[in-house]
Each structure stands twice: as structure tokens, then as C-alpha cells.
Amino acid sequence: MFKSIKWRLTAIFFGVTALFLFLLGFYLMTTMEQYLYDRTHEKLVSYAKLMADNIKEDFSRGAGREYFDSYAHEAQKDISARVTVIDANGRVMGDSIVDKDTMVNHANRPEIQEALRNEIGKDIRYSSSTGKRMIYFAVPVKKDSQIFGVVRVAVPWSEIEAGQNHIRWSIGTAVLVALILTVLVVSSFTSTLVVPLQEMTRVAKEMAEGRLDSNVNVKAKDEIGTLGSGLNYMAQRLRDTISQITEERNKVSAILTSMNDGVIAIDRNGNILLINPAIERMFHIKYETSLGKSVIEVVRNFDLERLLHRALVSKEPITRELQVFTPDPKTFRVSTAPLTNETGVVGVVAVMRDITAFREVERMKADFVANVSHELRTPLTSIKGFVETLLDGALQEPETARHFLEIINDEADRLNRLIGDLLSLSRIEAKQGEIHKTPVDLEKLIYNVVSVLSPQANEKNLALNVHIKKPLPTIKVDSDMIGQLMINLVDNAIKYTPEGGTVDIMAVSERDGVKVAVKDTGIGISRESIPRLFERFYRVDKARSREMGGTGLGLAIVKHILEVHGGTIDVESRVGAGSTFTFFLPGGSR
Ligand code: ADP
């Protein structure tokens, strides 16, 4: 409590005031007591003088003791003090309180001796005749320079003490009241000084704790008021600055958060300063637990650690491609840049771009070109071989020549189909997102496909059945593409089903689209091959596919057509038991 400035100020004021009041009280008490004593002294001495003057004639005419005794009694009534009359020999002539005859000779009493020496006698002592401590004053009774006797007046000392006590009590009470008033006045004065200071202390504390919305409510126009306004102004400036910084930080944070590229910053010692959510996802780590740790500890990738270290040492921007297991192997292009401030390089920031898909596309393109070249070369080699044989003389043998020319024709057909399929594929890929959709009657489309492929089915003695659960919705699709999709699936079913088998085409309305299944009782597909069926040029059995005139592109085309329509496809198959290709096309409307 006494740490508070309010109580310290009050204590100082109180202490100083108390000291002054005490000294003043002490001085007043002594002065007043002295004054009281002097007044009693003067009063009693003048009474005694007056009486001495009164009775000097009585002494000179030789009045008796009875006279003086009654005079003493009468005088006491007027002056309220004991009166004693004594002759020049010390014999008590009369006393207002004690019987004169019982009183001994008073010649040896100090005050009497002094009075007989023509002085004013005074003494304070215990009186055995009254049983009290008394103060005595004695004056001579003299006429024409002859001393006849002494008049003595006395009052109990306790009367003077009572007066003194009264003075002490009054002054003591006044001092106490003054002290209490001092405390009250001083504490209310210090309050007006200290309350605004306490308010400012509270606000400053809140500001230090980060609560900048508090304001000091100081109305005074003095120095304290100015201090309060200064504090409010400072809080306002801090609020503005912090909101600016927060805004900037939020912008940076929003950019870092929305980036697909990973951003990682390290300090001079290789410890992580910052990572963005993309890095968190890439390496399955958490921002909070990664800060301040070393790269190798958090990311566990030696190549990345070495690259960042090299960037730190070289102080130059570096760009590298890195393989990172996340745990899937992924390829990143990492670009580093030194982080600098006025003291120089303080760290490195690296941006990591996942280029796995890009590399994969590049690889697929290269594979595709290789595959296409290979697929084209096979029939061409064959054609060229037979043409050369013909030119070498086989032309002379009409039978052989005819056989060779038929082969050449087949191979040319195959080339034609291959190029046709490649063109279809590239057309669909090119059309991605901008296909020409029209309302299509799927039932009609299915029957068209059946009529196109019936000759092939008949040739192999296959039953080609259509099961449509009516009503089918009209769907908005690219009819040429869906026609091709159906032909590819049904053509495959016919190709890979041995003689005497069955091919069923089923269609049913489902959710907001149509589900179509092409089911055969053919050779089936092994479980391992199913995931690869839709790859370009993938064939389960290359020789059989070639024999059937397949290009290996049919299902790739199917997949692409479904992709551009937002559809899906599913394959169920068992080797030797047949296959079912089921696809779903959205976009139905009744
Ligand atoms: P292809 O021109 O060789 O038929 P596709 O892309 O149409 O090429 O089919 C890829 C491979 O999938 C085929 O080579 C074949 O091995 C297998 N396949 C496709 N449809 C069927 C089916 N209905 N029954 C069995 N195998 C099939």
C-alpha cells in the first residue's frame, strides 16, 4: 500500500503537519500554563495587598484575634482562597479554614519570613492543616514603615493543575482535529493528483499487454492532462502502425497460403524461419513444430538441405531440379534467393514447384511418339517387304502376287485405321471443353450402332441383344463422339468374344444421366491388365489384337470422350468368363 504515491504523499504531508502542530501545541501549552500561573499569582498577591491595607489600622489600634479571625472568614467568601492573618511574631491571628488556636507559630514559614522582610513571600508545599498541597502568597501589613504582621492567601495547587489540564486537553484536541483534517484534505488532494496517474498506469500496462484500444480519460488541462493526451496519441499511432503491419502481414500470408508452390525460408544457421501450407502438404509437416528446427530434421531430404546450404554459402540465386520422396517420388524445381538486410545475407528463401506432372506429360509425349512411330512402321515395313518381293519377280506368279497384294491391302487398311484413330484422339483432345452438344436420343443411337456392327456379329455367329429400360432421358452430348464410343466398346466385345457367344447392350436412366453397359461372354481380361486398358496402344495380347485388326487406341478414345463429357467408366471382367464395360453419362433431361 505504501508503495503507492498517494499514500507516500499523504504520509509526508501528515508527518510534516504533525511535527509542526506538535511543536506549536507544546509552545502554546507552556505559554498558556505560564500565563495562567502568572494571572493567579498577580490576582492573589493583589488580594493580599488589598487586605493588608484594610487591616493595617486594625493592627495599629491593637484589634484582637477574634476580629482578625472573622475578617479572614469574611474575606474568603469574596476571593475563594484561604486567608490567614499572622502578627509580626509569627502568631496566627486568624484563619479562614483552620481553627486559629490549633495552629502553631508560623514565623519559620518561608513565605512569612519573606513577608516580614518586607517582600512578597511565596511557597508551594504540603499543608498538614488542610491536608493538600497549597501555593501560598504572603504580603506584609505595614503602616508608616512598621510591619505589624502578614496577610497570607493560599489556594490548593490542584486548582492551578486543573486549569493547566484544561489548557492541555483543549490544545491536544485542537491538534488532533487539525491532524485528522490534514489527513482528509491531503488524501483528497493527492487523489486528484494520483487518480489520473493511476489511470495512465493502468492504460500503459494494458498497452504493454497488447490491448491498444484503451484510452486515458483525463480532463485536466495541466501537465498530467498533457501526459494523458500524449499517451492517447501514442496509443493511436501504435494502433495505426500495428494495423498497417497486420495488413501487410495478412497480404503476405494470404499470398503464401494460396500459393501452390512451396516456400521455405531458413536463417543463417540453416534453421527454418518460415514454411507455407504448400510445404506442409508436400512434406506432411506442421508449421508450428517446424519453426527453428534444421531443414534436415524437418524435411529429411539431404539434396534439399545441401542445395539450401550451398545457396547460403554462395549468396547467389540457384535453380535445381530435385527428386523428393513425399513418400511418392516427385520432381521439384527449386529456386533459391538470398535473404538480405543491411547487415548482409541473413538467410535463404526457396520456392519449390512440383513439376512431376509436367515431367510425366513430357515422358508420355516421348513414349507416344515412339509408340506411334513403332505402330506406323510395322504395317509400312510389311507393305514395303511385299512390294519388294513383288518387284523382285513375284509379280510373275499371279496367285502369289494376288495374295501379297491382299496382305498389302490389309496393312494399308490397318494404317488407315491407325491414322483415323490417331486423328480422332487428337481431335477429342483438341476439343477439350468446347464440344458440340445436342440432345441425343440414346436408344436410336444404340440401334444405329447395332445395325452397323450386326454384320460382324453375324459373321461370328454372335447374339447381339439390346435391353433398354424405358423411358431413357434425352441427353445432351456430342452425338458423333458418343456414337464412336459405343462402336469402340461393342466392336471390342465382338472382337474378343469367340464364336457362338453373346453381346448384350443395356441402358438405364440413373440419377441425372444414363448408365450404359456392354457385356460380352468373351475371353475376359486379367485383373492386372484392367488398370492399364485405357492407356494408348495398350493391348493385353498384342498378337491377338493385331489379328483382330485392333489399333490399341479404341479404349483410349473411349476414355477421352467420357472425360470431355464428364462421364465415368468401370470394367468388370474375369478371364474366360467375359467382360462388362459400364459407363455413365451425365446431362440427362426428360
Ligand atoms: P484394340 O484396338 O487392341 O482393341 P483397345 O484400346 O480397344 O485396343 O483395347 C485395348 C485392349 O483391351 C485390347 O487389346 C484387348 O486386349 C483388351 N480388350 C478390350 N475390350 C475387351 C473385351 N471386351 N474383352 C476382352 N479384352 C478386351
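The values are calculated or read from the model by the stated rules, or taken from the named source; none is laboratory data. Computed from a predicted structure; not experimentally measured. Note that we place each Cβ from the backbone using ideal geometry, even for glycine, and neighbour counts take in every protein chain shown. Protein only, heavy atoms only, side chains kept; ligands, DNA and RNA dropped before computing areas. Shrake-Rupley method; radii C 1.70, N 1.55, O 1.52, S 1.80 Å.
Taking all protein chains as present, what is the carbon and sulfur share of the accessible area of the chain, in % to the nearest whole number, probe 1.4 Å?
Carbon with sulfur: 56 percent of the solvent-accessible area.
For segment 493-560, state which trypsin sites (Lys or Arg not before Pro) are in a DSSP loop and have at most 11 other beta carbons lying within 10 Å of their beta carbon.
In loop regions of segment 493-560 (DSSP not H, G, I, E or B), the sparsely surrounded trypsin sites (Lys or Arg not before Pro) are Arg511, Arg527.
Once both labels are modelled 7 Å past Cα along the beta-carbon direction, what's the Asp541-Gln396 spacing in nm?
Each label point lies 7 Å from its Cα, and together they span 4.2 nm.
Quick one: in segment 359-427, what % of C-alpha pairs are over 14 Å apart? Intermediate values should be presented prior to the final figure.
On the way: 1549 of 2346 pairs.
Within segment 359-427, distances greater than 14 Å cover 66 percent of Cα pairs.
At 0.36 nm per residue, and after removing the present C-alpha to C-alpha distance, how many nm does the segment from Tyr37 to Arg532 gain when stretched out fully?
165.0 nm
Please give the per residue accessible area of the chain, computed with a probe of 1.4 Å over protein heavy atoms only, in Å².
58
For Thr84, Thr343, give the ranking by accessible area with the largest first, probe 1.4 Å.
The residues order as Thr343, Thr84, largest area first.
Give the residue list of trypsin sites (Lys or Arg not before Pro) in segment 396-466 that are DSSP loop and have at most 16 other beta-carbon atoms within 10 angstrom.
Listed in order of number, the matching sites are Lys437, Lys460.
In deg cm²/dmol, rounded to 500, what helix-only [θ] at 222 nm does the chain give when every DSSP H run of at least 4 residues adds -39500 (n - 2.57) and the total is split over its residues?
-19000 deg cm²/dmol
Past the 19 Å Cα-Cα mark, which pairs from Lys519/Lys559; Lys251/Lys315; Lys476/Lys515; Lys444/Lys470?
As for pairs spanning more than 19 Å Cα to Cα, those are Lys251/Lys315.
For segment 522-590 and segment 146-205, compute the distance between their C-alpha centroids and round to whole Å.
114
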